[in-house]
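Take a look at the structure set out below.
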Amino acid sequence: MMRRSWWVGVGAVLAIVSVVAGAAPGQVIERELRERIAQKFTIAVGGFAPFSVAGEDFGKLGASVLASDLKFTTVFDVMEGGILPFDPATVQPDQERVALPGLAALKIQHLAVGYVSSRGREVVLEGRLFDAATGNMVFGKRYVGDPKFYRLIVHRFADDILFNLTGEKGVAQTRIAFVSGVSRTAKEVFVMDYDGANPSPLTGNQSINLSPRWSPDGRQIAYTSYRNGNPDLFVLNFDSGRRDVLSAKPGLNATPAWSPDGQWLTFAMSAGGGTNLFLVSKSGGAPKPLTTGPAISVSPSFSPNGRQIVFNSDRGGTPQIYAIDADGSNLRRLTFQGSYNASPRWSPRGEKIVYMCQTAGYQICLMNPDGSGLQQLTSAGRNEEPAWSPDGRHIVFTSARTGQREVFVMHADGSDQKRLTTNGRENYLPDWSP
């Protein structure tokens, strides 16, 4: 079944068939996690004339998805069509430069246009980006694929725009894994687009499946499943479709985390007394203990350089955040405020740790790797289980602010919090793909 997965399907169907000559990329933006970009790129979206595919207007859909992708980056101010000196949908191929002077007069720096057509059973998107001041094309590409991957095609165009102007890799093509309660007893692992679209199941064993974690290359997911009666640790390989049991010791085998090189996993195991962290090769073998004792230690996360692991433990009496070196040495406590702090995740650049904190309820907080610099990001409802986007600009998390657990996303400064899951079920334990 997994050979037909989105990963394999996209690789087989989506293709870039031509690259149009373009100008040099714009400057690379240097940024820190908590700094908002002082001056964003201003951009207008044009083209995307009405084009029906199976009864759906791919022109309207493409313009909407592209604008949303660009806004989400925090790098772009996307100009609404109503303030433009022309109807965006009337921009024609090879006539874009006629519209550029009007944009430049409004201090709009770039124009992104898309032209949708078909080739046999495939959909074609001709994407172009122009510099309004110079009139030059920054880049152009033609994207071809199955219509069912049309949203992904537009996401690819958005990521290409970001890369050409900043040199940074975008997240529009990424996915989010999460757990959804499909029945009172069955909790299955699903994946969806970064914006909540196209949810699809990865498990269907009518059991309890928890804590999905993407491998650094995005080709595998580790998760815990009760499918065999015990909470065992599985690894799903998207390329082969194999589901291998990595640890099946009696008792808990849970909350896995991958090392940055993808060769190791650390996870919580209750065998031998207490619940402690262990390290195991991705190919299996005997797990090596990292922590010992009767306490409960869970939810590990590697630092980006792989030298340290942050986790939560009640070894001090209440759940708090701790860190150790990757060989199990140099244990130290990081949190001292609040009686319940859990689910830590190290940021992709290593400069922050996000976690669930007890402050005015259960919220999402940030701190420095030494425990200093506490910053609260959420305030509404109970919020937990945060995870970073691969670029470190955004955080996905679980929130019960609607009355049940749902997957939400926000920027890394806590702004623009919005709900992603809308299936009417409980959704939780999200993890963001690379």
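The values are calculated or read from the model by the stated rules, or taken from the named source; none is laboratory data. Note that the coordinates shown come from a computational prediction; the quantities given were computed from them, not determined experimentally. In this analysis, Cβ positions are derived from the backbone assuming ideal geometry, glycine residues included, and neighbour counts consider all displayed protein chains.
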Scope the range 268-306; condition over 22 Å from Trp432 (Cβ atoms) and of a type in the set (D, E, K, R); matching residues: Lys288
Cβ-Cβ under 8 Å pairs, at least 6 apart or on other chains, the range 264-283 side over 15 Å from Ser299 (Cβ atoms), far side among the charged types (D, E, K, R) and buried (at least 18 other Cβ atoms within 10 Å of the Cβ): Trp264/Lys282
Among the candidates Val179, Val171, Val154, residue that is β-branched (Val, Ile, Thr) and part of a strand (DSSP E or B): Val179
Filter result (buried (at least 22 other Cβ atoms within 10 Å of the Cβ), of a type outside the set (A, V, I, L, M) and within 21 Å of Trp346 (Cα to Cα)) within the range 395-427: Phe397, Thr398, Ser399, Phe408
Within the range 256-276, considering residues that are modelled with pLDDT of 95 or more and more than 25 Å from the chain's Cα centre (by Cα), the one nearest to Ser329 (Cα to Cα): Asn276
Out of Gly204, Gly251, Gly196, Gly241, sole residue that is in contact with a Leu (Cβ under 6 Å, 6 or more places away or on another chain) and either in a loop (DSSP other than H, G, I, E, B) or more than 19 Å from Thr398 (Cβ to Cβ) (or both): Gly196
Residue check, Ile321 within 20 Å of Asp431 (Cα to Cα) and surrounded by 14 or more Cβ atoms within 10 Å (Cβ to Cβ): yes
Check on Thr224, part of a loop (DSSP other than H, G, I, E, B) and surrounded by 19 or more Cβ atoms within 10 Å (Cβ to Cβ): no
Residue ranges of strands (runs of 3 or more DSSP E) in the range 32-150 with at least 3 members crowded, with 20+ Cβ neighbours inside 10 Å and in contact with a helix residue (DSSP H, G or I) (Cβ under 8 Å, 6 or more places away or on another chain): 41-47, 110-119, 122-131, 137-145
Hits in the range 289-299 (condition: within 13 Å of Asp327 (Cα to Cα) and in contact (Cβ under 8 Å) with a residue 40 or more places away in the chain): Thr291
Residue selected from the range 166-215 under the condition among the acidic types (Asp, Glu) and out of contact with any His (no Cβ under 8 Å at 6 or more places or on another chain), by the criterion nearest to Lys40 (Cα to Cα): Glu168
Residue check for Asp131: within 25 Å of Thr74 (Cβ to Cβ), free of Cβ contacts under 8 Å to residues at least 60 places away in the same chain and outside the structural domain of Pro386 (by TED's automatic domain parsing): no
Test: residue in the range 369-385 that is surrounded by 17 or more Cβ atoms within 10 Å (Cβ to Cβ), among the acidic types (Asp, Glu), under 16 Å from Gln320 (Cβ atoms) and assigned by TED's automatic domain parsing to the domain that holds Gln404: yes
Breaking point among (1) closer than 22 Å to Val298 by Cβ; (2) in contact with a Ser or Thr (Cβ under 8 Å, 6 or more places away or on another chain); (3) surrounded by fewer than 23 Cβ atoms within 10 Å (Cβ to Cβ); (4) not charged (D, E, K, R), for Gly181: (2)
Close pairs (7 angstrom Cβ cut-off, 6 or more residues apart or separate chains): on the phi < 0 side of the Ramachandran plot in the range 68-87, of a type in the set (Ser, Thr, Tyr) anywhere: Val75/Thr166; Asp77/Thr42; Met79/Thr42
